[in-house]
Structure formats: C-alpha cells, structure tokens
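The values are calculated or read from the model by the stated rules, or taken from the named source; none is laboratory data. Keep in mind it's a predicted model, so treat the numbers as computed, not measured. Here Cβ is always computed from backbone atoms with ideal geometry, including for glycine, and neighbour counts include all displayed protein chains.
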Amino acid sequence: MEILQSKVVPIRQADNNMPMDKKKLIRSSSQLLETHLQQRLPRNFSKVEDIVCHSEEVNYSTEAVDDIKVIKGLAKRLSAKFIDSVLKKISMFSREMGCEDEPSVFLVPPVATEEGLSLLPIDEIESQLLLEAYVSNCEKLVNKQLYALRSRLEFIVGVDNLKASENPFGPSVLLNIYSDLIRTEPFSKETLNLLFQCFCDVVLNDLADVLDKINELFVSEGVLPKIPIKKSSPAFSEGVVNQVESTQQQAPMQQGSMQQGSMPVSHAPSMAANNMQLGDELYNNLCSMAQVYRSSGDGSIGMENLAVAGEQLPTNDLISTLTNIQYSGADTEKSVRSQLGLKIQVDGQRQPYAEQDDTLIDVVAMFFDVILQDRHLPDVVRVMLAQLQIPILKVAMIDKEFFAKKSHPARQFLNALSEAGLGVSDKNKKIRSVVFEKMEALVERVLMEFEDDVNVFTELSDEFDTFMQQQQRQIDLIEGRSRTSTKSTEQLELTKRKASYEIALRLNGKRIPEFVQVFLSEAWSDVLVLALLRSEREPAEVQACIQIVERLLKSVSQPASVEGKNATLADLGRLLKDIKVGLDNISYDFHESAPFFKELESWHRQLLLSNEEQPEGLTSDVDDVSMVDFSEELTMESLEDSLLQELEAEQSTMPDDKFSKRANNMKVGDWIEYKDVDGVALRAKLSWKSSVTSSCLFVDDRGGKALEVDLVEFANELREKRISLLAQEKEPLVERVLAGMKKLVKDGSSEPNLA
C-alpha cells in the first residue's frame, strides 16, 4: 500500500500500479447493493401479503390481516426508507474508516446489540434472539462471500478484525436496520415475525450474487489481499476453491511463493526455531504418553504404510504441510499421520520426522482421542473440537508452552469452548443455539486463519469471553425467572401448610360441628393463605383472619356463662359479616357458601337461644349434626419439625445405593442428560434444590425451565437409566484430559476415566 499526497488514500492496483479511489469503490459497491434491494424489497412485501391472505395451512389472526392492509399502503415508503438508511449506513462506515473527505450529517440510530439484553423484557429478549438466529442462518449461506469481502474491506480501511455487525453489506447490519424500521409501525408480533422471515427468504438468502459482484469489483480494482482457502465443506464446490487459489496467485503483496498443492507459512521458521525445545521432564512424559498410545493399538490406526528414507524432514516443512491440510480441509475420518504421509510421500516413500515431531503427532492424536471419550461433553461438541487437531498439533510444535503452561492461549480457548458447550444437545442445537453457532464460527476461523501466530487464540478467547458475558446476562435473567417461579410454587405449598397449622392450633382440644371443620379446611384456609402471602404489605390481615377463626369456634361452642352467651350474640352479626368479606376477597362462590351459613344459623339458634326465643314452628337439625373431636398436641414449632420429618421419611424410602447417594450429593450447577418424550437426548443444569421439600429445578442452556423432580424420583430415574448425572466440569477440559493421559501412562490402561 502506498500513501500519496492527496485527500483520498489510494490503493495501487496489482497489475498496472494505477491508484484507485477508496471512496469511489465503496460508492460503486453501494450502488450494486442498492440495485439488489430495489429488486427484492417489493417481492418481500408481496410475499408477506400472499402468505397471510392465501395461506390454507395457517389461519392468521385478524390483527395480521389488518396489518397487511397497512403494509400495502406503506410498502413503497418503507422500501425507500430502508434503502436510504442502508446507503447512509454505508456512507457512515466509509467516513469512519477514512474513505470519505467530509463528515456526513446523518447519524444512524444504534443497532440493537446483545449488551443491553439483560435489561429488556423477556419477549424482547426472545425477539432479539430470533433475529440473531436469522442472521446466523443467512451468514452461513453467504459465508464464503462475506469472508472474502470482509478481508478486502479490512485491507482497504486498514483494520485487523472487522466484525460482522460492522460490515454494512452483511446480513447482520441489513436485518437490524430493517428491524428498527419495521418496529416503528404498530404491527402485531405475528406480523413482525413473518416480516423478518420473508425478508430473510427473499432479500438476504439471495445476497450471495450481489456480494460476488462486489467482490469482483474489488478484484478488478486491484484489492487482492491474502485470503486463505476455506476449509472444504459441501457448501463449497471445487470450482470455488480453484477461484480463490487463482486470486491468491495474482496477488503481489503475498509473502512467499505459492507452490502447487501447498500454502505459504511466512513466519513459521522463526516461530518454530525459537520454541521447539522442550524440557527434559516434560519431554519424557510426552514420550511415555506417545508410547502408551502406540502400544494400545490406536497409534497404528490409519498409519501411512510408507517406507521411511532420506534426510530428516525439517519441522518448518512439516508445519507448512499441516497448514496445507488445514486450509484444504482435513479428513476427520483419517488420522493426521496418514494425511501427512499422503502429502509428503514420493513413490511410496517419505522423509523421517524429527523425533520430537514424531512424538508430538502421537501425543496430540492421543489428546483428541481422550477428548472424544469425555462424557462431560455432548457428542456435537466433541466432534466440533476434533476439527482442531491439526491447529493444536501445530501449536504444540511451534510453542513448547502448550503442554507446560495452564495459561497458554490455545488451552484457554479449548477450555472456554468446552465449558460453554456443556448444555448443548442435538435437539436444542437444531432449534436455535446462539452459543453453539458462535463456537462453530470461532472454530471455523481457526481453521481458516491460523498459520503460525498463536496469538490468534488470545484474540478469539477474548472475543468469546466478551460474547459469553453478554449471553450469561441473558441466561441469568431467564434462569432467575424460572427459579423464582418454582420457588413461588413451593412457597405457596408451604404457606398452605402454615395456614392449615394455624387453623389446627385453634381446633386443638375442641369438639365442633363437622360442617364448621369442613368450612375452615376447605374455604377459610384459602382466605388465610392469601393473608399470609400479603403479610409483608398487610401484617394485620393475618391476625384478623386468625381472630375470625377463634370467634367462629367460640360461637359454635357451648357458652360457659350467661355473660359469655350474651357476648357471643352481640358479636354474631359482625362475625358473619367478616366471614363474608373474607370469602369475597378470594372470590368464593356464593352458592358454595350458602349451605354453610344455613347450617351455622341453625346451630346458633339451637345453641344460643332459649326455647322461649325460638321462632314458632322452627324445626332444628342440630341433633343430626356430626361432631368432630380434635385432641392432637400441636405447636408452631412442630410445623418445621413436621416438614423435616416428612422430608426424612421420604428420603428414607430411597434404597441405600449409589444412585440415591448421587442424587443426595448433587450440587447446584451439575448437569444431567435425559430424554424427552420422543427419545431425543437433552441436557439440563440443576438451578435450585429445596432444603424443605427436596424439589429440584433443572434449566436448559438458555435458562428456561426444563425439568422439575424431587430427589426420590430423580434417584429412581438414575436407577432406570432414564437420566444420567454428568456433574459439574470441576476441572478445565485440557487439564482434565492431560490428567487422563497421565493416568493411562501410570495404569497402562487404554480407557481414560473422565466421567
């Protein structure tokens, strides 16, 4: 790059050294995107209308149908406003990156990011997560084009890492601008979701063509930075790889030469030369591990079966070959050793490796074999991590600190991915897992970008740490709500128990009519529960409810004296009124309470009025009323004792086996794996464990309620193998794997125990 004495920083073309105006290039690119949007946006709104008005499979709400009428009138204005906002966003990007001469007066509203999600209502969090899922899916469809364009934009503006949320031509920016625009209209949630879905289907899913044209424009203007070949996958044809290789061969700024079938590694010689020596003790341990691996039989799987002759292959050449395999797409079905042999063999022979290199190849192979046996990790996460075998082997060859230092950036990167992936399962991965998609993206970046600079792992670890902090705020918010809801349910049950105890205390030692006992246990206990739940705001309400119980019991008991009888008669009207007010507070059905009041009236007449005071011709059913005796000794302290005794009695029914012990010893943060009704394996984490009822709440990887069981039931599920307890990942992945490898050396076993 050459800086000329002008206001515009030019870039020299690769072929003729003619300066090119960055401002003009960005403007031409925006025109290509504008044309695409002008063609696609009308189709987008038409598709929304067709789906709502002509769908036979889904009956849309009246609100959605009404929204379509609004969209018809706003379609042109919304399209024009959206395109204008996109162009201004590109202009702002150009100005901020030094491609514009004069500042723009337009300020784009900030796009919603994850950083503030923890402060949002739950429906807004879900909406934002839905947008993130749409963005992720769209980015996968145009991954190759976005990667090439990002590299070229980074090259012309002089930045090292342009985020997807900053690329004005990418799905993230486009969808968020569209979201901000659409949300200014009072559309229903149903319509909003449909608008986003159609925008992705019609506008973003066909973005590859326009991004190809923009990339071609950059290439024609001489913007040819070094773009590593992307790891092969079904989405990338052989022709695409050839096109990238052709582009790289034209670029004069690339260091080193491009040999056929290989990729340049410009800094590997110096890195390898400075860091190749391992300490004696560490190297002896690694040799022992390699020997165990080879003797176990695993080391012979996929051997290259080549004759070894000639001069020793330099470590730098070996690293270069590994880079070539990494960029062109390693075959995870074959061992790294066999893939290396195929690359460097000539007529069935290969050069011998340095002893240290030979050892590291087998040690790293053993390292990843142990990862694949780690029960803590879900299958999909193990498979994903297995893709990093070649990069980690290169790290071990380049930097001796990998096996010696816990703080090594590559180790921290693996540990971070492992910890974040604990809750991933096949089902929730397929539905939507923002965390897993981020993990996949970072692994992909390692495979595409890592050559010899281990600092890339530091950058990716820092990026992932920031991302996980943002995600954790969302997860904590949702998990907190799940926990509060479950605790509230238990608190309600405990409050009902307390209300029953309060009533039972007043009944103790008394003989009362059965209809009164039924009323107190089935109706008035609910009134007392409501008062207890509101006791912090209305502390006097609880005592008032209890006093009504005492007054009612007094009114249905034989008076001890004439004064007592007169006092009861004087309070009777007020008592009946207070009972009715209490029942009204819980919206108790009048027809349900009518029989009680009728029986109570009859009882009071018989008990409190003399024969002379009885209404003439009135018959009494008092003699037919069943009486109930309460003689149990109760105190308020016995409520807590009773709960503890019930808990102990329940747990005493659990068999004295390892499953019961595992259930009782389970800690908050432990993970389990269980199967849903369809037999699909899911994962959940223990979020709360009651010390009173032994109820356990498990949440999924997003913090939502997944499962609620008590300890007895949980132990039985373990026993029946319908649930497996994974426990916490108490030790980071790399440390756990290395400990397992050392155990293999010590015990001579071929199966590490990482359960």
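Below, the figures for the structure above:
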item: So PHE436, is it under 30 Å from LYS675 (Cα atoms) and free of Cβ contacts under 8 Å to residues at least 40 places away in the same chain; result: no
item: Tally of residues being farther than 20 Å from THR486 by Cβ and assigned to a strand (DSSP E or B) across region 676-724; result: 2
item: Set GLN469, GLN474: member being under 16 Å from the mean Cα position of the chain (by Cα) and surrounded by 16 or more Cβ atoms within 10 Å (Cβ to Cβ); result: GLN474
item: Condition check for ALA290: within 24 Å of PHE403 (Cβ to Cβ), hydrophobic (A, V, I, L, M, F, W, C) and at pLDDT below 80; result: no
item: In region 325-338, the residues that are crowded, with 18+ Cβ neighbours inside 10 Å and closer than 17 Å to ASP357 by Cβ; result: ILE325, GLN326, SER335, VAL336, ARG337
item: Within region 278-385, helices (runs of 4 or more DSSP H) holding 1 or more residues that are over 25 Å from MET741 (Cα atoms) and touching a helix residue (DSSP H, G or I) at 6+ places or on another chain (Cβ under 7 Å); result: 315-328, 336-344
item: Matching residues, region 663-674, being touching a residue at least 24 places away in the same chain (Cβ under 8 Å) and either surrounded by 12 or more Cβ atoms within 10 Å (Cβ to Cβ) or touching a helix residue (DSSP H, G or I) at 6+ places or on another chain (Cβ under 7 Å) (or both); result: ALA663, ASN664, MET666, GLY669, ASP670, TRP671, ILE672, GLU673, TYR674
item: Unmet criterion (only one of (1) within 23 Å of TYR147 (Cα to Cα); (2) among the polar types (S, T, N, Q); (3) in contact (Cβ under 8 Å) with a residue 12 or more places away in the chain) for GLN373; result: (1)
item: Helices (runs of 4 or more DSSP H) within region 398-443 that include 2 or more residues out of contact with any Cys (no Cβ under 9 Å at 6 or more places or on another chain), modelled with pLDDT under 80 and closer than 12 Å to ARG702 by Cα; result: 426-431
item: Residue satisfying condition, being surrounded by fewer than 13 Cβ atoms within 10 Å (Cβ to Cβ) and over 51 Å from the mean Cα position of the chain (by Cα), within set SER557, SER561; result: SER561
item: Checking PHE464 against (1) within 25 Å of the chain's Cα centre (by Cα); (2) over 23 Å from LYS394 (Cβ atoms), the condition it does not meet; result: (2)
item: Hey, LEU181 in a helix (DSSP H, G or I) and buried (at least 21 other Cβ atoms within 10 Å of the Cβ) or not; result: no
